[in-house]
Each structure stands twice: as C-alpha cells, then as structure tokens.
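The values are calculated or read from the model by the stated rules, or taken from the named source; none is laboratory data. Quick caveat, the model's predicted, so the values are computed rather than measured. With ideal geometry, Cβ positions are generated from the backbone for all residues, glycine too; neighbour counts draw on all protein chains shown. To get the accessible areas, we keep the full protein, side chains included, count just its heavy atoms, and leave off ligands, DNA and RNA. Shrake-Rupley method; radii C 1.70, N 1.55, O 1.52, S 1.80 Å.
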Amino acid sequence: MRLEMRWGDSARTLAADFGQRAVAHDREGSFPHANFADLQRAGLLALAAPRAWGGQQASVAELAEVIGAIGYGCPATALVLSMQYLQQRGMFRAGSFWPEHLARQLVQEAAGSVSLANALRVEPELGTPARGGLPATVARRTPDGWRLSGRKIYSTGAPILRWYVVWARTDDAEPLVGSFLVRADSPGVRIETTWDHLGLRASGSHDVILDGVPTPSTTPWAWLHRAHRHAMSTPRRI
C-alpha cells in the first residue's frame, strides 16, 4: 500500500536541499528562486488557501509545521513563504476585504505557477503603519483608475513577488487610506536592491519604488478608510 506524504514530510524533504543552497545564498545575498519552484511543484504555495479556490486549506498547525521545517533548511525561504500564507489565510477569514474574484485568481495562479503575494506597507518616513499615520505612498485618481507613487522598504520577497498589496492614501483633500493590488511587472515599478543585512540576506527584502504605476479602477479593493486629519490617529472603516 502506498502512503501519501504529509505536507510536513514534503517540507522536511525539500528543506534538506534548501539547506545545501542556503550557505551560498547567505554569503552572496542572492535570492533562492529554485526553492520556490520546488515548493510550487510540491503543492505548497497554495497550502493556506481554500480548497474551493484551488488551495489545500491547511490548518494553522499544519502551516506552522511546514514553515518550521522549511526554516530549518533556509530561514529566508520560510519567511517569504509565511508572507504568502498570511495573505491566503486573510482571503477567507470572516470580514475579509478581499474581493472573491481577485482572491480566487491569486490562489489559482499560486497553484499552477510560481506566484507569490505580499503586503507592501513599511515606508522610510512612517515606518510600520501599525500605530496609525498616513502613508506617503499616494494613489491619484485618473479617468481609468489610479496611479500610485511612493517607496516601500523591507519588501520581503521582492525579487519573486508577482503581486503587491500596496498600502496607500488617496490624494483627496480628506484622504482615504487602504490597499491596492498591483502586479509586480506593471510599468513604473522598480526594485532598488538595498537589502544587505547580516541576517536573512536571501529574503530579498529590498525597496520597491512605485512611480505613477497605473492601477485599473476594477483592480483596487473597496477597502478604504476615512483618514483623520491628525496623522497619528488610527483610521476608521466607513
């Protein structure tokens, strides 16, 4: 009788190879693209997403087991993969702001190819927006939708991401703040290779520059907050 390999077992098998590559990636600060091709072939890039959308809908415990196993071989790969899982888990939680058709598209892409998403939130001026404040990244209205401009730092996985979840404010007199979905290969997107740290060197957490990046009106999420005029206040949902 043939026994089916568990996800954690698959991760541990892959981690042995990842560990062999990790030394060179850490020394060179290069990104482990091959690791993510292996993860996709093993069915682990859509592990956290709903089955109805093409994912595996693994439990939190199962996801933790996979991340822990991968991290034993290559911590940088595990960090990028955990960002993918966070996005996928957020897609179908109660009160999710993800439009289903966009969430389904991203899951199906991850199931069929090396396609990853991560949130781009941190900025040089603001730092993390967790404690409030208006982002410097601006979304300007156009007849066709929006154009986004700004700089995001600590953009984990930048060399391999296909989708950016960009935290930005509108250019209204009373701005709205929220998230916009941007393809990484959109015109006006540029990666500045600033990541040269002592640890997690292979995570590719470079700066992402957005210079008038066009975003169709059908793509941004209706997840905007009315931002209080005092920058350090926490925006509220409307």
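Some observations on this one:
- In this structure, F97 and V23 have a Cβ-Cβ separation that, at R0 = 35 Å, corresponds to a calculated FRET efficiency of about 0.30.
- Accessible-area composition of the range 53-99, carbon plus sulfur, in percent [1.4 Å probe]: 61 percent
- Taking the Cα centre of the range 91-194 as reference, the dipole from Cβ charges on Lys and Arg (+1) and Asp and Glu (-1) amounts to some 120 debye.
- Extension reserve of the H33-E174 stretch, reckoned as 0.36 nm per residue once the Cα distance is removed: 46.5 nm
- In the chain, the calculated helix contribution to ellipticity at 222 nm averages -10500 deg cm²/dmol per residue, counting -39,500 (n - 2.57) for every DSSP H run with n ≥ 4.
- Distance from the range 106-148 to the range 15-93 (C-alpha centre basis), Å: 21 Å
- Taking the 1.4 Å solvent-accessible surface of the range 106-149 as the whole, the part contributed by carbon and sulfur is 48%.
- Residues of the range 51-85 with amide N under 18 Å of the 7 Å Cα→Cβ point at T128: 79-85
- 10 Å Cβ shell holding at most 12 others, DSSP loop, trypsin sites (Lys or Arg not before Pro): longest site-free stretch of the chain: 94-228
- Theoretical gain in end-to-end length, T194 to D144 [0.36 nm per residue, Cα-Cα removed]: 14.7 nm
- Per residue accessible area in Å² of the chain, where ligands, DNA and RNA are left out and the probe is 1.4 Å: 50 Å²
- Just the protein heavy atoms count here, and of the accessible area of the range 158-210 at 1.4 Å, carbon and sulfur take up 51 percent.
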